[in-house]
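The structure appears below as structure tokens.
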There are 2 protein chains.
Amino acid sequence: MMDIKFLLFTLLFGYGVCNAGTFYEREDPKPNIIVFLVDDLGWQDISTFPNFKKLVQTGVQFSDAYATPLCTPTRVSLITGTNAARHRVTNWTHPDKDRSTDYPDTIFQHVDWNINGLGIDQSENNTFLVTPLPRLLKENGYRTILVGKAHFGSKGIAASNPKNIGFDVSIAGSEIGHPASYFGWENFDRPRNGSPNRNAVPGLEKFHGQDIFLTEALTQSALAALGNVEKQTPFFLYLSHYAVHTPIEADPRYVDSFYDTSVDSVEAAYQSLVKGVDKSLGDVLDYLEENNLSENTAIFFLSDNGGLSRVPPRGGVSDTHNTPLRSGKGSVYEGGIRIPFVVKWPKVVRPQSVSKNPVIVEDLFSTIRAIAGVEDREVVQTVDGINLLPYLQDADLVDSTRALVWHHPNRWIKEDFSSSSWASALRIGNWKLIYDYTKQELELYNLDSDIGEKQNVVHKHPEKTKELAGILTQKLKQREAQLPRFKGTEKLIPWPNEIVNDLKK
Amino acid sequence: MMDIKFLLFTLLFGYGVCNAGTFYEREDPKPNIIVFLVDDLGWQDISTFPNFKKLVQTGVQFSDAYATPLCTPTRVSLITGTNAARHRVTNWTHPDKDRSTDYPDTIFQHVDWNINGLGIDQSENNTFLVTPLPRLLKENGYRTILVGKAHFGSKGIAASNPKNIGFDVSIAGSEIGHPASYFGWENFDRPRNGSPNRNAVPGLEKFHGQDIFLTEALTQSALAALGNVEKQTPFFLYLSHYAVHTPIEADPRYVDSFYDTSVDSVEAAYQSLVKGVDKSLGDVLDYLEENNLSENTAIFFLSDNGGLSRVPPRGGVSDTHNTPLRSGKGSVYEGGIRIPFVVKWPKVVRPQSVSKNPVIVEDLFSTIRAIAGVEDREVVQTVDGINLLPYLQDADLVDSTRALVWHHPNRWIKEDFSSSSWASALRIGNWKLIYDYTKQELELYNLDSDIGEKQNVVHKHPEKTKELAGILTQKLKQREAQLPRFKGTEKLIPWPNEIVNDLKK
């Protein structure tokens, strides 16, 4: 416990980020922290909904915020501060232990990634050994509450149970990655062959048989859990909605209003899921207001990856849902990784501000660690994320030199569209380099003029390509990133800097 | 058993239908009979599918064929030959006994209709007492097989079990009106609050846990049942698909092919259901060919009402799915009652013929009764249907004097669009009269020039309106049809002929 004031400014120095005009002076009481995490919510899918707009009006919105292309990799980065290239949980983890979710491939051997997810015990194979964020917070006096999807690792791995990674309270989260059913009257289950579905949502027995939607059940559970936190005790609420992941089931409270002549039926159901999330956000904001907690609660609203853009199961036309962004969930194109990200914290953040600084999900770890006062606790993992406090305090601050890295040496799905598999990427400033393993080609985009990644300018800018390929290679090697080998020859695929020779055509 | 030949012609005489050029000489062996009944399939929904086209090319297609607006009324008419105005099963029957499915109404009292469905025992209240078609056939040496949806009455009523109405074999049919799930891996069930769904499909245990779709499971069951019929024994197969009723769930075998830029996702799922039905039809046709049964098997392909056109649960825009027909399931407009109807019977029917003669579902009873040689058996119910054999034999034969009657003195659903509730109708020749109880107004359409029922010509043709209103009134009174009473005054609503006074405006 600290009761001396200090300047966070000094902490930021190591990141080379100085902005003399703003700083955050921490003092008791510690801020409450809420991570409001939505599953598979596309970049702009919630932008027109009222409570999200309210959040934006009272916080800072990051226009260039990123996650990984898939859910478990993002969740592991958030909880550890480590980039996916390093933590090697580069695909979603199967509910059952020791089962890779890589789709069979004919060209490449699958890499030996951390298929079991987050590890807290050295004896667990194929896990990424960590000191998890909730444990740091708990040890520093926070009441730590997880409500909703966890999906940190496979069943049987300690970290699959949120209580083992530092959550005091854990409701409805386990090794599963999506709900069997969103409906209380189905007990959030949909049995297969008479047995419970392996994706039945656990721990919501009090809502079984009720006419309630999962998003609402989680919200009520979260607010009830907050109500049980003793006054003076700061809380960390990780409210992690299963929505808007598949199955894209209509929220009966809202779906009727989304039917009109222009909307696909599955899109109407999708929008009803989004509406349910927005309602949940509104309920949380209202709760904070009513309990005089708004001022010193930092809310981080984000999605875990881009919007799903495969049809089926999404409605409409594949690869169009995140327009103007290219592609969707699973891809290193913007549609797969760019996410909505807003931070509200009245005590620190200027309302209605927009930051264009590129940020990535592992930054949440470092940021929360800083604002909770646990930045000096040792962690076993290497942290790649940065503390975003300077950007929260000054939305005009932009670091155009930082390199963001995405690494997905896996085959996610059967379809092989839009770099949804076997790809890495790098962003520095407005330049974005993509390495498509299957073609063993590089693509270069200028996001400033081409957010849709339509104009590959590799041949127009060979020097820039070469420079970025070198940086990407260096970053990947530094992080001991895995690359796949060719089947047959068992030769490693080339590093990005090895395929830039004949760019000048 | 008959081994003397006779002319069916003489039987037809009583209906005033004579066509000297054609007749059907019956001889042993008795024809096999298949009723291939689809649920909620709209008029033209299957018209482009290959096996249906094959059926059309080898049989007679009735362009102006009708059912009732809803499923139980149609099924009761089919099994009894009685018009809905008379049998009084004018809404769908609830799975549970003594539960009316009428939606609460503010204007009218609900009529005391036969909410329990088909009756075979006088002690059963609110049933229509009958001698059912399968029993007639069974008693005349037919092996009678029901596979799929029955929905003849509520649970606890004898007729809810197909074996009690004359089916030797009964698979998957009961009091339920739609499946809880189409999926074998869900055991065709979707439990609610941990208990089996009341609409779980019974009797398909051998497919539980399998990767099989309901339509396929029923088809395989039907063909297996046919394989068990002894040679020389004629069969009556009532193959009654749950498809394409809600829940509109994608058939995974086909749905991918229906996704394109122009199709709503639920429509794609709907089309995959239709495709599954078409595949089933193809399998049945193939089975008959392979077993040399085609020549003397009469197949009656039909739907039980018009296509569902409510959104949700159907995709797209309400009231558009049966274009050019107006409205859909539940309505007495053409979209609710006009159905696909094809009869294939190589021994009798000329291939690739089209009949424009208006026919209605109770005609199947009389037709099957005739071709199976049971037309002289007494039945307790009054039969309104006619024997269609002359029309099967001569597609050019049209009776423009016959009156077809629809009667729906019920409120089906909450929404009150397109006469989906509280309506009666009459068709004679190309004239169609509709009586909308809620407005207490008549509508007149000329189907020859206005199949979409867009131009109400009541005021242009007051005399025709008056004439038809008189006939409709007479038919309804003859059949002891029920009309609702106003709430409050308890006064009966007017008969159609009582509201034609001020038509000349």
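The values are calculated or read from the model by the stated rules, or taken from the named source; none is laboratory data. None of the values given here were measured: they were computed from a predicted structure. Positions of Cβ are backbone-derived with ideal geometry, glycine not excepted, and every protein chain shown enters the neighbour counts.
At least 1 residues being assigned by TED's automatic domain parsing to the domain that holds B:G177 and in contact with a Pro (Cβ under 7 Å, 6 or more places away or on another chain) is the threshold, and among the strands (runs of 3 or more DSSP E) wholly inside segment B:246-355 those reaching it are B:297-303. The single condition among (1) more than 23 Å from A:P324 (Cα to Cα); (2) modelled with pLDDT under 95 that A:K491 does not meet is (2). For segment B:149-161, filtered to residues that are free of Cβ contacts under 8 Å to residues at least 60 places away in the same chain and outside any loop (DSSP other than H, G, I, E, B), the residue that is nearest to the other protein chains (Cβ to nearest Cβ) is B:S160. Just one of the numbered conditions (1) more than 14 Å from every other protein chain (Cβ to nearest Cβ); (2) under 29 Å from B:I165 (Cβ atoms); (3) touching a residue at least 24 places away in the same chain (Cβ under 8 Å) is not true of B:P247; which one? Unmet condition: (1).
Find the residue count for segment B:258-287, including only residues that are within 13 Å of chain A (Cβ to nearest Cβ) and touching a helix residue (DSSP H, G or I) at 6+ places or on another chain (Cβ under 9 Å). Residues that pass the stated criteria total 13. Taking segment A:97-131 as the range and being farther than 18 Å from A:S421 by Cβ and in contact (Cβ under 8 Å) with a residue 60 or more places away in the chain as the test, the residues that pass are A:K97, A:F128, A:L129, A:V130, A:T131.
One line per residue, one yes/no per condition, for (1) assigned by TED's automatic domain parsing to the domain that holds B:T233; (2) buried (at least 22 other Cβ atoms within 10 Å of the Cβ); (3) farther than 16 Å from B:I79 by Cβ; (4) among the hydroxyl-bearing types (S, T, Y):
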{"residue": "B:P358", "(1), (2), (3), (4)": "yes, yes, yes, no"}
{"residue": "B:D363", "(1), (2), (3), (4)": "yes, yes, no, no"}
{"residue": "B:S366", "(1), (2), (3), (4)": "yes, no, no, yes"}
{"residue": "B:R369", "(1), (2), (3), (4)": "yes, yes, no, no"}
{"residue": "B:A372", "(1), (2), (3), (4)": "yes, yes, no, no"}
{"residue": "B:Q381", "(1), (2), (3), (4)": "yes, no, no, no"}
{"residue": "B:D384", "(1), (2), (3), (4)": "yes, yes, no, no"}
{"residue": "B:L389", "(1), (2), (3), (4)": "yes, yes, yes, no"}
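Just checking, does segment B:296-304 include any residue being surrounded by fewer than 22 Cβ atoms within 10 Å (Cβ to Cβ) and within 14 Å of another protein chain (Cβ to nearest Cβ)? So far as segment B:296-304 goes, no, none of its residues is surrounded by fewer than 22 Cβ atoms within 10 Å (Cβ to Cβ) and within 14 Å of another protein chain (Cβ to nearest Cβ).
Can you name every residue in segment A:404-416 that is of a type in the set (A, V, I, L, M, F, W, C) and either at positive phi or crowded, with 16+ Cβ neighbours inside 10 Å (or both)? Listed by number, the residues that qualify are A:L404, A:V405, A:W406, A:W412.
Note on segment B:462-492: residues that are touching a residue at least 60 places away in the same chain (Cβ under 8 Å), among the basic types (K, R) and farther than 19 Å from B:F108 by Cα total 2. Among the residues examined, B:E186 does not qualify as within 11 Å of chain A (Cβ to nearest Cβ), of a type outside the set (G, A, S) and closer than 18 Å to B:N161 by Cα. Only one of the listed residues (A:L447, A:L472) is more than 19 Å from A:N410 (Cβ to Cβ), among the aliphatic types (A, V, I, L, M) and either modelled with pLDDT under 95 or within 24 Å of the chain's Cα centre (by Cα) (or both). That residue is A:L447. Reported count of residues in segment A:216-253, each being of a type outside the set (S, T, N, Q), over 25 Å from the mean Cα position of the chain (by Cα) and over 18 Å from A:L285 (Cβ atoms), is 4.
Of all residues in segment B:449-460, those being surrounded by fewer than 17 Cβ atoms within 10 Å (Cβ to Cβ) and touching a strand residue (DSSP E or B) at 6+ places or on another chain (Cβ under 6 Å) number 2. When B:L137 is tested against the conditions (1) farther than 30 Å from A:W185 by Cβ; (2) in a loop (DSSP other than H, G, I, E, B); (3) at pLDDT 95 or above, the lone failure is (2).
Can you tell which of B:G177, B:G209 is within 14 Å of chain A (Cβ to nearest Cβ), in contact with a Phe, Trp or Tyr (Cβ under 9 Å, 6 or more places away or on another chain) and part of a loop (DSSP other than H, G, I, E, B)?
So the residue among B:G177, B:G209 that is within 14 Å of chain A (Cβ to nearest Cβ), in contact with a Phe, Trp or Tyr (Cβ under 9 Å, 6 or more places away or on another chain) and part of a loop (DSSP other than H, G, I, E, B) is B:G209.
Checking each residue in segment B:286-317 for being more than 30 Å from A:P252 (Cα to Cα) and hydrophobic (A, V, I, L, M, F, W, C) picks out B:L288, B:L293, B:A298, B:I299, B:F300, B:F301, B:L302.
For the subset of segment A:189-206 comprising residues that are over 24 Å from the mean Cα position of the chain (by Cα) and of a type in the set (D, E, K, R), which member is farthest from the other protein chains (Cβ to nearest Cβ)? Checking each candidate, the answer is A:K206. For segment A:155-213, what are the residues that are in contact with a Gly (Cβ under 7 Å, 6 or more places away or on another chain), polar (S, T, N, Q) and either closer than 25 Å to B:N193 by Cβ or not assigned by TED's automatic domain parsing to the domain that holds A:F236 (or both)? Those that are in contact with a Gly (Cβ under 7 Å, 6 or more places away or on another chain), polar (S, T, N, Q) and either closer than 25 Å to B:N193 by Cβ or not assigned by TED's automatic domain parsing to the domain that holds A:F236 (or both): A:N187, A:N193, A:Q210. Residues in segment A:311-324 that are away from chain B (no Cβ under 14 Å) and buried (at least 24 other Cβ atoms within 10 Å of the Cβ): A:N322 alone.
For (1) crowded, with 17+ Cβ neighbours inside 10 Å; (2) touching a helix residue (DSSP H, G or I) at 6+ places or on another chain (Cβ under 8 Å); (3) hydroxyl-bearing (S, T, Y), each residue gets a yes or a no:
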{"position": "A:Y435", "(1), (2), (3)": "yes, yes, yes"}
{"position": "A:L442", "(1), (2), (3)": "yes, yes, no"}
{"position": "A:L447", "(1), (2), (3)": "yes, yes, no"}
{"position": "A:L492", "(1), (2), (3)": "no, no, no"}
